[in-house]
Amino acid sequence: MRRFIKTVVMSAAVALVCAPSAARADGYFNPWAGVNFGSELANGRGGFGVAAGSMGAGIAGGEVNFGYSPSFFGTSNDFGSNTVIDLMANVIVGVPIGGQRGPGFRPYVTAGLGLIRTQIDGGTVFDVQTSDNDFGWNAGAGVMGYFNDHVGLRGDVRYLRTLNGNLADSLDFDAGDLHFWRTSIGLVIR
């Protein structure tokens, strides 16, 4: 009997998730791979991540972007195990040329705020162990090109920078020391 109940509950859950609904926004999911540049230590270092968002009426919306850059500060021999992780909440504005369905493309601009985390765990040149969670911002531009209703490619260039300051003490923030550019490309599914 338990097996039957589990089957019914799972079938109902699948039916709810897969049921068609009225289109209210143009949502998308974007796994990406990219290259960091513009910083003395990050030049040519790779990264990867994922973005997900939605654009109301196809023009303006929001997205969450997560990026992971291993060996950001150099090879593991020089600086040990080191990473930069960014998690940003962005506003995105773009115009769907060709409409919101079928083939077309959408140039866009984006900007947002979030977390930039750096971590260094030892090494042969510098035996340093540190991690920082910094408030940061990013801004960029790109294009999403769709082959059909659901699948396309997204190319993006954005600038990321940490901020110095404390929201609890004041709203006065200064530009932080860590800053870099990232160019990325990836699959986009809407």
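If neighbour count is taken as other Cβ atoms inside 10 Å, put Thr130, Thr118 in order from fewest to most. Don't skip to the answer; put the middle values down first.
Values: Thr130 9, Thr118 19.
Ranked by crowding around the Cβ, least crowded first: Thr130, Thr118.
Compute the label zone of Arg117 within the range 81-107: residues whose backbone N is under 15 Å from the point 7 Å along Cα-to-Cβ.
82-89
Values in this text are rule-based calculations from the coordinates and carry no lab data. On a predicted model such as this, the values are computed, not experimentally measured, just so you know. We place every Cβ from the backbone using ideal geometry, glycine too, and count neighbours over all the protein chains shown.
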